[in-house]
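The values are calculated or read from the model by the stated rules, or taken from the named source; none is laboratory data. In this text, all values refer to a predicted model and were calculated from it rather than measured experimentally. A quick note on method: Cβ atoms are made from the backbone with ideal geometry, for glycine too, and the neighbour counts reach across all protein chains shown.
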Amino acid sequence: MTDRIAQLQSILQTEPHDTFCLYGMAMELAKSGRHDEAIDYYDRTLAVDPQYCYAYFHKAKCQESAGRLDDARQTLRTGLAKARSAGDTKASSEIEGYLDELE
């Protein structure tokens, strides 16, 4: 376990709904190749804040790495709809570009 993961776990014990920490944990787990655990933390991030657009993008990256392409496409479609409804044109563009790559 990396020091960063341990630090985030410690913070999440006292602040279990901190979206920044949940997302950070997901990113660290993904970087460590622990894709299923990372996906769980992206889901936890999105449960707290469904508008956290980049969580959809990176969740789909983990799903793709795990060979779950259909799941990745669905995650991107959901993320694209959320990004558009939030007016986040940068996230919309990046999510849409990634979705185009997978389709």
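To keep it simple, each residue is scored yes or no on (1) of a type in the set (Val, Ile, Thr); (2) surrounded by fewer than 16 Cβ atoms within 10 Å (Cβ to Cβ).
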| site | (1), (2) |
| --- | --- |
| 52 | no, no |
| 55 | no, no |
| 60 | no, no |
| 69 | no, yes |
| 72 | no, no |
| 75 | yes, no |
| 81 | no, yes |
| 88 | no, no |
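Can you pull out the residues in the stretch 78-95 that are more than 15 Å from the chain's Cα centre (by Cα) and either assigned to a loop (DSSP other than H, G, I, E, B) or under 14 Å from residue 54 (Cβ atoms) (or both)? 86, 87, 88, 89, 90, 93, listed by residue number. Candidates are the residues of the stretch 16-40 that are buried (at least 18 other Cβ atoms within 10 Å of the Cβ) and of a type in the set (Gly, Ala, Ser); the one that is farthest from residue 72 (Cα to Cα) is 24. Scanning the stretch 51-67 for residues that are hydrophobic (A, V, I, L, M, F, W, C) and either assigned to a helix (DSSP H, G or I) or without any contact (Cβ under 8 Å) to a residue 12 or more places away in the chain (or both) yields 53, 55, 57, 60, 62. Residues in the stretch 41-50 that are in a helix (DSSP H, G or I) and surrounded by fewer than 23 Cβ atoms within 10 Å (Cβ to Cβ): 43, 44, 47, 48. Taking the stretch 1-40 as the range and being part of a helix (DSSP H, G or I), touching an Asp or Glu at 6+ places or on another chain (Cβ under 8 Å) and not aliphatic (A, V, I, L, M) as the test, the residues that pass are 4, 19, 21.
Within the stretch 70-93, residues that are more than 15 Å from residue 58 (Cα to Cα) sit with their Cβ atoms under 6 Å from residues that are surrounded by fewer than 16 Cβ atoms within 10 Å (Cβ to Cβ), at 6+ positions apart or across chains, in these pairs: 86/51.
Note on the stretch 1-15: among residues that are modelled with pLDDT of 90 or more and among the hydrophobic types (A, V, I, L, M, F, W, C), the one that is surrounded by the most Cβ atoms within 10 Å (Cβ to Cβ) is 8.
Within the stretch 69-99, the set of residues being in contact with a helix residue (DSSP H, G or I) (Cβ under 7 Å, 6 or more places away or on another chain) and hydrophobic (A, V, I, L, M, F, W, C) comprises 69, 72, 76, 80, 83, 86, 91, 95, 99. Exactly one residue out of 24, 33 is farther than 21 Å from residue 99 by Cα, within 11 Å of the chain's Cα centre (by Cα) and either modelled with pLDDT of 95 or more or not aliphatic (A, V, I, L, M) (or both): that is 24.
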